[in-house]
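In what follows, a single structure is set out as structure tokens and then discussed.
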Amino acid sequence: MIPPLILRQAKRMGLSLIAVTDHNACHNAEAVIQASAGSGIHVLPGMELQSKEEVHLLCLFDTVRQCRDWQEEVLKRLPPLLNKEAAFGTQFVVDSTGEWVRTEERFLAGAADIGIEEAVAMVHSLGGVVIPAHVDRPSFSLLSNLGMVPDSLKVRALEVTPLFVPDVGFEKWPQLKTWCLIVNGDAHRLQEIQNRTLFKIAAPLVQEIDLALSGEQGRQVVVTWPEIH
Amino acid sequence: MTSLKEIIDTLSLETVVSVSAEGRSVMGGYASDLLSCAMKGAKKDYVWVTLQSHLNVVAVASLLNLVGVIITEGNRPDPETVARAEKEGVLLMITPKTTFTVVGELTSLGVRAETQDPGRW
């Protein structure tokens, strides 16, 4: 998953908009943005935050600067531990060609001491958008950890995994019927990159995505759902 | 059957809502931090032990008519959660102890759970 290969695979998959959302980290987003110059693919910097409730939240921003400000807040609320590479893997930071720049030593794999509602408010105040990640997953998800989508959560959409089948999913979680759902690859490997969600937007901006998720001002989200087997 | 009052006193739990524990009996216990599991495994008049302090804890406890929730490891529900618990009549109790310790103490007091596996959904 180095920047040039991510972009090559994204292009193969016909994508024009991707986001880099590492676990509690945005260290590598800028490298992918730099690598994307001239590729026709727009890259949003972001993060997959693991909240206090151990719920994963996608946080998307327009600029690296906003994302870095968010990173600072998250680092303040992560456990003050060093990474144990044998157990959690090596946390590489690379440049736009994929060359090693440094290894992040701070432990990033855990949960930040930020509740989900607080995280949404903080990301919004920095100009970003939050989408709860893979809500249908049996771990680290809003529905598994908190049982239901709380009214107190001010988000416009929920992400489901590529395996989500609406008819089956709605039977299990009737609450999801009323939500705007999107599908992302949550790709940890190149072959997991998906092209399932189309944003009908005027520009690849967080504000436009926000409008599309709410179906406002002619902006729309169109998801390709799997055939029922 | 153990009285909720006895549990609060013996485990030195702090109650964070004004819901009365008087005359209430605990029919069993359940422990998990995944609310989706608690929705399956906890039963009416059970006490639920968790370190989660999110608002949805109150929703689940109310839905299942639990006798109360013990929130462990010093996690403290925010004012909004406490207000909802007051409104729903859900008794929230907090303790600096771990879930492991609390469950051990509850077992010593005779609180039991259904031996049946709650199964998967």
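The values are calculated or read from the model by the stated rules, or taken from the named source; none is laboratory data. In this text the structure is predicted, and so the values were computed from the model without any measurement. Backbone-built Cβ (ideal geometry, glycine too); neighbour counts: all protein chains shown. These accessible areas exclude ligands, DNA and RNA; they are computed on the full protein's heavy atoms, side chains included. Shrake-Rupley method; radii C 1.70, N 1.55, O 1.52, S 1.80 Å.
Plainly put, region A:35-118 has a radius of gyration that is 0.99 times its Kirkwood radius, both from alpha-carbon atoms, as the Rg/Rh ratio.
Close amide H contacts of A:THR21 (hydrogens built in the peptide plane, cut-off under 5 Å, sequence separation of 5 or more or a different chain): none are found. For peptide A:142-149, the mean count of partner chain Cβ atoms within 10 Å of a residue's Cβ comes to 6. As a ratio to 2.2 N^0.38 Å, the alpha-carbon radius of gyration computed for region A:88-229 takes the value 1.17. Backbone phi angles across region A:32-47, fed through the Karplus curve with coefficients 6.51, -1.76 and 1.60 (θ = phi - 60°), yield HN-Hα couplings of 6, 4, 4, 5, 7, 3, x, 8, x, 10, 8, 10, 9, x, x, 7 Hz in residue order; Gly and Pro are listed as x. Taking every residue in B:17-23 and counting other chain Cβ atoms within 10 Å of its Cβ, the average works out to 0. Once C-alpha pairs closer than 8 Å and six or more residues apart are averaged by separation and normalised to the residue number of region A:96-229, the relative contact order reads 17 percent. At q = 0.26 Å⁻¹, what log₁₀ I(q)/I(0) does region B:30-99 have when each alpha carbon counts as one equal point scatterer in the Debye sum? For region B:30-99 at q = 0.26 Å⁻¹, log10 I(q)/I(0) is -1.20. Decide, for the protein assembly as shown, between rounded, prolate and oblate: order the square roots of the alpha carbon gyration tensor eigenvalues as a ≥ b ≥ c, take rounded if a/c falls under 1.5, and otherwise choose prolate if a/b is larger than b/c, else oblate. Note, shape of the protein assembly as shown comes out prolate. Note: relative contact order over chain A, using C-alpha pairs below 8 Å and six or more positions apart, is 17 percent.
The average projected area of region A:96-136, computed from the convex hull of its Cα atoms over all directions, is 5.2 nm². A straight chain from A:GLU85 to A:VAL223 at 0.36 nm per residue would run longer than the Cα-Cα distance by 45.9 nm. Using a 1.4 Å probe on the protein chains only, how many percent of the accessible area of the protein assembly as shown belongs to carbon and sulfur? Roughly 53 percent, rounded to a whole number. Remark: the protein assembly as shown carries 49 Å² of accessible area per residue (probe radius 1.4 Å; ligands, DNA and RNA excluded). Max-minus-min Cα coordinates of chain B on each principal axis give 36, 33, 26 Å, with the largest extent listed first. Rounded to the nearest Hz, the phi-derived 3J(HN,Hα) couplings of region A:103-109 under the Karplus curve 6.51 cos²θ - 1.76 cosθ + 1.60 (θ = phi - 60°) are 10, 6, 9, 5, 5, 10, 6, where x marks glycine and proline. Positive end of the dipole of the protein assembly as shown (Cβ unit charges, origin at the Cα centre): among B:ILE7, B:VAL103, A:PRO138, the Cα lying farthest that way belongs to A:PRO138.
Once the C-beta distance of B:GLU88 and A:PHE92 is scaled by a Förster radius of 51 Å, the resulting FRET efficiency is 0.60 to the nearest 0.05. For the residues of B:82-95, the average number of beta carbons from a partner chain within 10 Å of their own beta carbon is 0.
Amide H to amide H, with H built 1.01 Å from N, A:ASP136 comes under 5 Å of A:THR161, counting only residues 5 or more places away or on other chains.
Between A:ARG68 and A:ARG8, the modelled label-to-label distance comes to 3.0 nm, taking each label 7 Å out from Cα in the direction of the beta carbon. Take each peptide in A:44-57, A:112-125, A:11-24, count the other Cβ atoms within 10 Å of every residue, and average; sorted highest first, the result is A:44-57, A:112-125, A:11-24.
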